[in-house]
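Below: one structure, written as structure tokens.
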Protein chains: 2
Amino acid sequence: MTNRKVAQGEHSRDALTAAAITLFAEKGFAETSTTEIVERAGLTRGALYHHFADKDQLFEAALEAVEGDIFDRVQAAAAPLGDDLRRRLGTGVGVFLDACLEPAVQRILLQEAPSVLGWERWQRLDRPRCARRLLAVNLAEAVDRGLVAAPSSAALTHLLYGALVQAGIVIAGAEDPRATRTIMGETVDRLLDSLFD
Amino acid sequence: MTNRKVAQGEHSRDALTAAAITLFAEKGFAETSTTEIVERAGLTRGALYHHFADKDQLFEAALEAVEGDIFDRVQAAAAPLGDDLRRRLGTGVGVFLDACLEPAVQRILLQEAPSVLGWERWQRLDRPRCARRLLAVNLAEAVDRGLVAAPSSAALTHLLYGALVQAGIVIAGAEDPRATRTIMGETVDRLLDSLFD
DNA sequence: TTCTGTACATGCAGCCTGTACGTACAGACT
DNA sequence: AGTCTGTACGTACAGGCTGCATGTACAGAA
């Protein structure tokens with residue numbers, strides 16, 4: 001088996017991704033050099049360009065990791081709620097907003113993702129494990145059941161997702177993130193209420 | 001008078017800003033070199049760094065121009081509607097969504113602004129002529145008059161603005177922007193309706 | 001006329017990215 | 001064992017780009 005080397009390779013790749021997440025979250029994509037990343041991962045630039053085609057692709061890997069993490073948390077929180085769509089959406093939104101308190105989520109997912117990757121790569125949500133998909137699925141079901149009236153559940157998903165992202169951004173940039181988190185959460189909840197009737 | 005030189009200076013500054021808007025809209029901030037910008041403006045890099053401290057500040061000028069333009073259009077469309085807040089918001093939103101069909105608005109305002117400038121500079125809405133302010137003012141008045149129920153008009157402004165931006169992004173990236181513009185407009189309108197009652 | 005400040009041009013230093021090339025080693029095959 | 005192939009990684013280099021330092025031309029004040 002090519003086991004020894006493959007395992008080492010995976011390990012290096014993960015180390016690079018982890019280092020990238022930390023540094024991108026801290027200083028942003030453009031201000032972080034590949035040298036810094038590899039130094040933090042204990043490797044060299046050669047290793048980086050062996051595992052990733054370019055710096056953008058490393059960012060994509062970092063983004064995917066961050067997104068997947070949120071997805072898992074949201075799903076874990078919403079799963080035990082059965083088919084009460086209103087509550088599932090409410091708690092999912094809450095978990096998402098909480099995640100927006102983390103710097104990595106703020107900078108990588110909310111702030112820089114659309115700019116670093118173009119829209120081509122960013123907006124095609126083919127990614128199976130992204131929070132947006134969860135929102136889309138639940139909203140579509142709500143519209144199907146007639147719980148929410150909307151010309152298009154897809155359009156509504158986009159609007160709500162945009163509102164959530166903005167809420168996250170505001171929370172992230174606020175003087176008192178916790179307090180802002182609370183009030184944004186209430187307002188979103190009110191918005192959901194006005195949709196569900 | 002220091003008239004001759006000053007006028008020339010303003011002219012150069014405007015030429016640089018205009019060239020920057022075109023190129024940033026076309027290729028994005030990171031992919032556009034200062035050399036390209038000055039060539040298009042018929043100047044040299046020296047002139048650019050005379051008028052702007054760095055490339056970021058040039059982006060800021062470009063953003064301000066784009067934002068101001070939208071602001072003017074939104075205000076012009078909403079002004080003759082008197083104090084019918086619901087209609088003012090509706091038409092303002094429509095004009096904004098139409099503006100999202102333009103590449104410069106898409107890339108500079110919607111896509112890259114938060115990334116290129118940090119949140120510090122982006123989110124402080126001190127800018128007097130930005131579309132967001134109009135939304136805030138109108139929503140605040142609506143809440144004041146009791147037309148809209150919300151824990152905080154500021155929070156609601158953020159959510160709606162986020163929804164609008166996302167709508168703009170979706171419109172921009174859609175296969176058929178016109179059709180998407182229509183359906184997003186309808187959905188936003190429905191959302192406004194559910195707020196105003 | 002001289003002097004000062006502004007508008008611009010040019011050349012340079014340093015950093016950063018992407019790539020070409022070299023090395024070490026794990027496993028397959030003989 | 002010996003060779004051979006492919007992968008993981010290190011190193012050196014070329015090109016481009018930003019920001020600054022320095023030079024020049026000129027408008028207006030004194």
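The values are calculated or read from the model by the stated rules, or taken from the named source; none is laboratory data. Here the structure is a predicted model, which is why all the values come from computation and not from measurement. Note that we place each Cβ from the backbone using ideal geometry, even for glycine, and neighbour counts take in every protein chain shown.
Of all the residues in the stretch A:1-17, those that are more than 13 Å from DNA strand C (Cβ to nearest atom) and without any contact (Cβ under 8 Å) to a residue 24 or more places away in the chain number 3.
Filtering the stretch A:24-56 to residues that are of a type in the set (Gly, Ala, Ser), more than 12 Å from DNA strand C (Cβ to nearest atom) and free of Cβ contacts under 8 Å to residues at least 60 places away in the same chain leaves A:Ala41, A:Gly42.
Here the condition is being within 16 Å of DNA strand D (Cβ to nearest atom) and either under 18 Å from A:Arg129 (Cβ atoms) or away from chain B (no Cβ under 14 Å) (or both); of A:Gly42, A:Gly82, it holds for A:Gly42 alone. For the stretch B:1-34, the tally of residues that are surrounded by 13 or more Cβ atoms within 10 Å (Cβ to Cβ) and either more than 20 Å from B:Arg107 (Cα to Cα) or in contact with a strand residue (DSSP E or B) (Cβ under 6 Å, 6 or more places away or on another chain) (or both) stands at 3. Counting only helices (runs of 4 or more DSSP H) that sit wholly inside the stretch B:95-197, those with at least 3 residues that are more than 7 Å from chain A (Cβ to nearest Cβ) are B:119-123, B:131-144, B:153-173, B:177-195. Of the candidates A:Val165, A:Val137, A:Val170, the single residue that is hydrophobic (A, V, I, L, M, F, W, C), within 17 Å of the chain's Cα centre (by Cα) and farther than 18 Å from A:Gly92 by Cβ is A:Val170. Of the candidates A:Arg45, A:Arg107, A:Arg73, the single residue that is at pLDDT 95 or above and over 23 Å from A:Val170 (Cβ atoms) is A:Arg45.
Inspect all residues belonging to the stretch B:57-69 and state whether any of them is away from DNA strand D (no atom under 13 Å from the Cβ) and free of Cβ contacts under 8 Å to residues at least 40 places away in the same chain. Step through it out loud before you land on a result.
If we filter the stretch B:57-69 for residues that are away from DNA strand D (no atom under 13 Å from the Cβ), which is where we start, we get B:61-69.
Imposing the further condition that a residue be free of Cβ contacts under 8 Å to residues at least 40 places away in the same chain reduces the set to B:69.
Yes, because at least one residue in the stretch B:57-69 is away from DNA strand D (no atom under 13 Å from the Cβ) and free of Cβ contacts under 8 Å to residues at least 40 places away in the same chain.
Restricted to the stretch A:16-34, and to residues there that are away from chain B (no Cβ under 14 Å) and in contact with a Ser or Thr (Cβ under 9 Å, 6 or more places away or on another chain), the residue that is nearest to A:Ala62 (Cα to Cα) is A:Ala20.
Only a single criterion out of (1) under 24 Å from the mean Cα position of the chain (by Cα); (2) away from chain B (no Cβ under 14 Å) is not satisfied by A:Asn3, namely (1). I'd like to know if the stretch A:35-54 contains one or more residues that are surrounded by 15 or more Cβ atoms within 10 Å (Cβ to Cβ) and under 19 Å from A:Arg127 (Cβ atoms). Yes, the stretch A:35-54 contains a residue that is surrounded by 15 or more Cβ atoms within 10 Å (Cβ to Cβ) and under 19 Å from A:Arg127 (Cβ atoms).
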